[in-house]
1. Could you say whether any residue in segment 185-193 is surrounded by 22 or more Cβ atoms within 10 Å (Cβ to Cβ) and in contact (Cβ under 8 Å) with a residue 24 or more places away in the chain?
2. Name the residues in segment 206-225 that are free of Cβ contacts under 8 Å to residues at least 12 places away in the same chain and not aromatic (Phe, Trp, Tyr), would you?
3. What number of residues in segment 67-112 are assigned to a helix (DSSP H, G or I) and farther than 30 Å from Asp35 by Cα?
4. Kindly evaluate Arg397 against the criterion of being closer than 28 Å to Arg491 by Cβ and of a type outside the set (Asp, Glu).
5. Could you tell me which residue of segment 254-272 is nearest to Ala65 (Cα to Cα), considering only residues that are of a type in the set (Val, Ile, Thr) and surrounded by fewer than 17 Cβ atoms within 10 Å (Cβ to Cβ)?
6. For residues that are farther than 21 Å from Leu437 by Cα and assigned to a helix (DSSP H, G or I), tally how many sit in segment 391-423.
7. Of the conditions (1) closer than 15 Å to Gly251 by Cβ; (2) loosely packed, with under 12 Cβ neighbours inside 10 Å, Gly197 clears all except one; give me its number.
8. Name, by its number, the condition in (1) over 23 Å from Ile82 (Cα atoms); (2) outside any loop (DSSP other than H, G, I, E, B) that does not hold for Glu313.
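The values are calculated or read from the model by the stated rules, or taken from the named source; none is laboratory data. Computed from a predicted model, the values in this text were never measured in an experiment. For neighbour counting, all protein chains shown are included, and Cβ atoms are generated from backbone atoms with ideal geometry for every residue, glycine included.
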Amino acid sequence: MATLRRDHHRHEAGPAGRPRHRWPGTWREVLPGVDAARHYRGAWLRRDVLAGATVTAYLIPQVMAYAEVAGLPAVTGLWAIIGPLLVYALLGSSTSLSVGPESTTALMTAAMVAPLAGGAIGSGYPRLAMLTAIVVGLVCLLGWLARLGFLADLLSRPVLTGYMAGIAVLMMVSQLGKVTGMRVPGDTSLDKASYLGSHLGAVNVPTLLVATGMLLAMIAWRRWVPTWPGPLLGMLAAAGVVAVFGLSRHGVVVIGEVPRTLPVPTWPDWSGVDPWSLLPAALGLAVVGYSDNVLTARALATDEDCEVDANQEFLALGAANIAAGVMQGFPVSSSASRSVIAKTMNASTQLYSVVTAAMVVGTVLFLGPVLASFPAAALGALVMYAAVRLIDLAELRRIRRFRVSELVLALATTVSVLVFDVLSGIGVAVALSLLDLLRRIADPHDAVLGYVPGIAGMHDIDDYPQTRQVPGLVVYRYDAPLCFANAHNFRVRALGAVAEAQQATVEGRPGEPVRWFLLNAEANTEVDLTSVDALESLRAELAAQGVQVALTRVKQDVRDQLNAAGFLQRLGPDRVFMTLPTAVEGYRRWYQDQFSVPPPGFDALPTPIADPPTDAPRQA
């Protein structure tokens, strides 16, 4: 059922009284739901059953709508959720996550798989959707075996926000035909919106009114009675209105006959299908679905829940997609809205998903005529409502307040999803995230440090106008690991810091000519050979100017790498210090040895510099 927090070889009670376990490398780690069932408590049953019933009421119209987004019959959404719910209850690492048909993966399925069926959604398309779900599952299983859980962190928050906004617009555009009762052709979102704008006279007014009424009902539900099963009540009300007023005679389309049987789990027929042709779509669906799973699960995790295991989520999502495929469904992920409902209803374990699956089975077997009366326009409005909620304006404002460049990144991702296809949008999103990371590594913040009256330590002279620098000493910090991407940038900026300090003496301002360049390497957690060569070039260029180079706060791993490259031998063992105070004291002693006096103004610095204890090492 639920995964419980697992600590190595021991039981302990969590905040809610649930035991926590960890048995690395055993079946309990691969099948956490089975282990959770062995420790299930009767006190949790009521909460799980209520959560399962509430999620079911929300889920039924939602997954039917998402099936239509994917270009499949509405009942396919119900088929596609049964297997994933049961599988995730066994394999998932979150107690709250609700897996199954989801808006983004549904839209991506239609956008990516339909062209493989000859450019149109026809008789061969359902089988391709099933096969794609299985390939997505296999891709995720390979990710689990390769322990690729770190991929969940490849998409930055601004990129994800922008990506979801783009998907939301595509979802809304995809429902224009359903909510207007007209055919809306076009290859792009702009084409479809333009066509609709120029053919407003062809809109079926009753269909539009049904859709508008459903959308208003969803807004009212969310605002005033969010604990009620709003989507289900809204769909039932819409069906009642269509029946009472005979709107089907006026062009309002209903779902129609729904099979009152469950599909027999079957391995799909692969004849005539090249699995490699499905791989690009499957990779895109796996990346987006997996990221959605992990991010949603982490957002909902609390101290009472298990810690989300990123690698286990690969296994759970992979098995869930294979289950969806053999149940004649389509690729699935997780629904944030359904997961939040489960969390709000205080679901204790993933038993709530088992309850949900059982109720969906009962709905398919016994409530087919009710489902058949659901108007397609109301389902389209439900999708549009869900799409609007994907556009997180508050988060975009927060991103803008934090850094404008990250807002540009988010908006660029949105535009890429709208201009290109969905798979290309994923590629652009990943590429933008990586480029932003490289940009920050290649051109990071740097600082020249000095002492500030009343504040301990050394600080960036740009942050405090009253900073006093050590005469003749440039203390420099470069805030990034040193690598080939920033080696040249580091050398140029370090030389610039020395040149700026030298310029002060040339212009006659008070100061001592630069004697030492001290690199505070606390932020340089990594070096490669290119950056070591840049360090050596910097040392040689400054030596030619009569400036000594020294290092302080060097990490042991970096020290070993510098030693292996021979740089420390050329630098000299007396030029590497453990701390900033010992480095500054080393400079003072060197200056006094050279000129028989301490550096001018040294004793007047704001923060007194005490000599290190006699038994403390002066340098590393």
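1. Checked against the condition, which is being surrounded by 22 or more Cβ atoms within 10 Å (Cβ to Cβ) and in contact (Cβ under 8 Å) with a residue 24 or more places away in the chain, segment 185-193 yields no hits at all.
2. Once the filter is applied, which keeps residues that are free of Cβ contacts under 8 Å to residues at least 12 places away in the same chain and not aromatic (Phe, Trp, Tyr), segment 206-225 yields Leu209, Leu216, Ala220, Arg222, Arg223, Val225.
3. So the answer is 15.
4. Criteria not met by Arg397.
5. Result: Thr261.
6. 7
7. Just one mismatch for Gly197, condition (1).
8. (1)
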